[in-house]
Amino acid sequence: MRSRRLSVIAALLTAATSLVALGPAHGAAGTYYVSPNGDDNNSGLSPSEAWRTIGKVNAFTFPQGSLVYFEGGQTFTGCLVFDSGNVPNSSATTPFRVYSYGSGQATIRSNCTGDYSAAVTVDNVSGFRLNNVKLVNGGTTAAGVLLQNQESSEPTQSIVISNSRITGFTTPAGSSSSFGGAIQIIGYAVNGNNGPMNDIQILDNHLYGASKTSADGPAIGGWGYGQNITDVMVDGNNVYNLGMLPKTVGGAITANGWNGAVIQHNKVHDIGANVTSCGGTAGILAYTSSHITIRYNEVYNVEPYPSYVSGCDWDGIDLDGGVDNSVVEYNYTHDNAGNGLLAYVDSPGGKPWGPNTFRYNISENDDTIKAQGGLMGVVPRAPTGALSIYGNTFFSNVNQSSKSTASACFFFGYAGGTWASGSQIKNNICHLANRDQYGRPGHFYYNPNGQTGMPISNNLYYTTGTPWWRWGGTTHSSFAAWQAAGLETGPVWGNPLFASAGNGGTCSWTPASGTGPQPCPSAYRLQSGSPALRAGVNIVGNGGLDYFQDPIPNPPNIGADAG
């Protein structure tokens, strides 16, 4: 899917570059121009014959493979609607395109209202491309972009939203719907048709609000009908300042009803400032979805702001209810109010959760306000499908002196049960330097309900305080006691000798040019003499590469620096 994304971007850039270098293709059939200096009585076929309004665009029937140019640096008021009425013959091989021309981005300032209003609606238009355009909410429009299929039982194919800036959109006040945000992808359309969509790419956009407490959000949301949204790529997006509404549930990026997706190279931060509910929010979240890969993302500052009022969650990355056959790998989460990583293992509508995998992720100073209780959470009960957690690095030195207990490394609640066959917790590092009001570090495991059935092996634990592991009704307060309990095979104790523990910080990188994991967590490289070196256990199907994209030997190192 990465190569597909690069080929799409190359085609868009080639077309844009050639038109800038050579000038607009005057009189080219199927190429139309819109300018504030135009006239709707013009032909639209050249800049000198440009149309003037969005209304003219909506009312025109476009030939196959048409390109609509809005003049860069100019603002157009209205809401664009593209469907089979005005774009009857578009396809993946002869796409319909909406771009800016000239200098800068064209701005579409929406003026439509209603629960399902959008600045740009794309309804059953295969081969749609929106590139290098800015969408701004000019009033009470719910969404920046709405993708749906109201007309067909056949999939709408090949939609690309790229290189654009989308800001100001959220669920309108008083709406009973959860619809709203920068981009909404809905497989159960507004008219009730469960029209499927396939091959959707959201690439290299800025999806944002004006400030951390803006009501904007989510960045990407919506819902499927079952899992009728397929083959999705969310890559290279900068997602930030989405304070969201108090009642919000879900994530800044939410895969809901998707089957087959890659969510990668996104920078997601300053999310959920206004939220006072539970069930939200998260930086990246998957729900009732299958075959989702979440990798190479940086997620931070998902938190209430300026202070906690009520609610819970604020997680970095969450595989939520009804997610299966998915993997979270090579991500860096830090400074989130809740879990860096969450497995919310419910089965909504009877759709089972798992098998799923979390591997080679780095978490620094997550669960800052102890919103969830652990750097990684597995709740609310034992997972019914296999859960693999291996090769991750967890570190916290957050001052939690206002709390009666500090955040655990792993938090298992709120009920007991037996984990599904095939589950495992292996080769993870838990370095806890956080302290509660009594000066105690967090638990390495907080498992008060005694969940069982997960093979635990070769994890490394370290704190300079008194260590403790809570398992059922017993608290083990020394490494020797933990070993003697026989709950883990081959546990390791000792300072992992990170290069610079606690100094991962915020990375300096550009999502649109992302090619792998973020470099700044090199603070969690292992140094010579680390007890984690070659102390792990080999895991079949381990992905082959660690966080730093080094080959994994047998036996591996413990933690995300496995090679």
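Rule-based calculations on the coordinates, nothing more; no lab input. Worth saying up front: this structure is predicted, and the values here are computed from it rather than measured. Methodologically, a virtual Cβ is constructed for each residue, glycine included, from the backbone with ideal geometry; neighbour enumeration extends over all protein chains shown.
Points to keep in mind about this one:
- Global dimensions of the range 315-383 from alpha-carbon coordinates: Rg and Dmax equal 11.8, 35 Å.
- Three-way shape call for the range 26-143 based on the alpha-carbon gyration tensor, with the a/c threshold at 1.5: oblate
- For Glu303, Glu154, Glu71, Glu364, order by how many other beta-carbon atoms lie within 10 Å, fewest first: Glu154, Glu71, Glu303, Glu364
- Using C-alpha pairs below 8 Å separated by at least 6 residues, the relative contact order for the chain is 7 percent.
- The magnitude of the dipole of the range 196-303, with charges of +1 and -1 set on the Cβ of Lys/Arg and Asp/Glu and taken from the Cα centre, is near 240 debye.
- The alpha carbons of the range 347-462 occupy a box of 41, 27, 21 Å along the principal axes, longest dimension given first.
- Sites Gln64 and Lys247 - FRET efficiency at Förster radius 45 Å, r taken between beta-carbons, to 0.05: 0.55
- 3J(HN,Hα) couplings calculated from phi for the range 465-479 with the Karplus curve 6.51 cos²θ - 1.76 cosθ + 1.60 (θ = phi - 60°) are, in sequence order, x, 6, x, 8, 10, 9, 9, x, x, 10, 10, 9, 10, 7, 4 Hz; Gly and Pro show x.
- Net lengthening on full extension, Ala499/Gln527 (0.36 nm per residue, minus Cα-Cα): 9.5 nm
- Net charge over other residues, Cβ less than 14 angstrom from the Cβ of Val122 (K, R count +1; D, E count -1): -2
- With a cut-off of 13 Å on the backbone N, no residue of the range 37-53 is near the modelled label site 7 Å out from Asn89 along Cα-Cβ.
- Sum of side-chain charges, Thr464 neighbourhood, beta-carbon under 12 Å (Lys, Arg +1; Asp, Glu -1): +2
- Cβ crowding within 10 Å averaged over residues, with 273-279, 338-344, 433-439, 254-260 ranked highest first: 338-344, 254-260, 273-279, 433-439
- Ellipsoid equivalent to the chain - semi-axes via the Cα gyration tensor, in Å: 46, 22, 21
- Computed FRET value (nearest 0.05) for Tyr438 with Thr75, which takes r as the C-beta separation and R₀ as 56 Å: 0.45
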